[in-house]
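First the structure, in the form of C-alpha cells, and then the observations on it.
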Amino acid sequence: MKKFLTLLLVLSFILIVFAETAEIAILHTTDLHGNIYPINYATNQPSDVGLAKVATLIKQIKSKFKNVILIDSGDLIQGTPLEYYHAKVDNEPIDPMILVMNKLGYSAWTLGNHEFNYGLKILNKAISEAQFPALSANIVKKGTKEPAFKPYHIVTVDGVKIGILGLTTKFIPNWEDPKNIEGLDFLDPVEVAKGLIFWIL
C-alpha cells in the first residue's frame, strides 16, 4: 500500500437482466492516506494526490455515465498532518476525509491496516460519521466468527443488485500496536471470501 492512488479505474460493462441492459461505471480509490488537497505536506509544493483531484475525475465520469458506483479500499484516515491533528489534537469535528467522501457520494469503504493506527475509538467515530458503510468480512470479534464490522454491502443500480464484499489483510496483528486492535481477530480473507461469495449471490 505504498501508492497514494493505486487504482482509479472505470469498468463499463453490460449486465443482461430480463433482456434489458444496464451500463455501470465503477470507480475505485485506495491508499488516499489523508490527502484532500493536491499538495505535498512536507514541501508545500503541488503534488498529484488528493480527493480534490479525484473529485474532478468523478465529475467527468458522472457526466458520461448515468450509473456510477464509487468504492474505496482502505488506508483512508491516516497519513497526513491533517489526519494526525484530527485524531490526536481535535477529534470532535467530523473526520475531514469522511466529510469529503460523503459529499462525493461514496458507496462503500473497505478497512485497511492503517485505519487502526489511532485505535478503535477514532476508527469507530469515523465509521459512524460516514454516509456509506465501512466493510470487512474477515475482521471478527475475538474468539468468535462474528464480524466486528459490516462484512458486505448490496447496492441496487438501475434495477441491478451488486454485492460489495470487504476484505482486509490478515497481517495487521503483525504490524499494529496490540492496544489498537484489542478484542479483534483477523481471519484469512481468501477463506472468508470462499464462504461468503456464493451465499451473497
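The values are calculated or read from the model by the stated rules, or taken from the named source; none is laboratory data. Since we're looking at a predicted model, the values are computed, not measured. As a convention, Cβ positions derive from the backbone with ideal geometry for all residues, glycine included, and neighbour counts pool all protein chains shown. Only protein heavy atoms, including side chains, enter the accessible area calculation; ligands, DNA and RNA are left aside. Shrake-Rupley method; radii C 1.70, N 1.55, O 1.52, S 1.80 Å.
The table below gives the values:
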item: Long-range neighbours under 6 Å by Cβ, at least six apart or interchain, first residue free of Cβ contacts under 8 Å to residues at least 40 places away in the same chain within the stretch 126-155, second polar (S, T, N, Q); result: Q131/N102; F132/S107; L135/T110; S136/T168; F149/S136
item: The listed residue being more than 16 Å from the chain's Cα centre (by Cα), over 27 Å from N35 (Cβ atoms) and open to solvent by 50 Å² or more (accessible area, probe 1.4 Å), out of K121, K170, K145; result: K145
item: Listing of strands (runs of 3 or more DSSP E) fully contained in the stretch 46-141 that carry 3 or more residues being closer than 18 Å to V157 by Cβ; result: 67-72
item: Qualifying residue in the stretch 77-91 (condition: touching a strand residue (DSSP E or B) at 6+ places or on another chain (Cβ under 8 Å) and small (G, A, S)); result: no
item: Residues within the stretch 59-93 that are crowded, with 20+ Cβ neighbours inside 10 Å and either modelled with pLDDT under 95 or among the hydroxyl-bearing types (S, T, Y) (or both), tallied; result: 2
item: Long-range neighbours under 7 Å by Cβ, at least six apart or interchain, first residue touching a residue at least 24 places away in the same chain (Cβ under 8 Å) within the stretch 71-82, second in a loop (DSSP other than H, G, I, E, B) and open to solvent by 40 Å² or more (accessible area, probe 1.4 Å); result: D75/M1; Q78/N117; Q78/Y118; T80/Y41; P81/Y41
item: Residue selected from the stretch 97-108 under the condition touching a residue at least 40 places away in the same chain (Cβ under 8 Å) and crowded, with 21+ Cβ neighbours inside 10 Å, by the criterion nearest to L165 (Cα to Cα); result: A108
item: Candidate set from the stretch 173-191 (those that are over 17 Å from I122 (Cα atoms) and of a type in the set (A, V, I, L, M)); member that is modelled with the highest pLDDT; result: L187
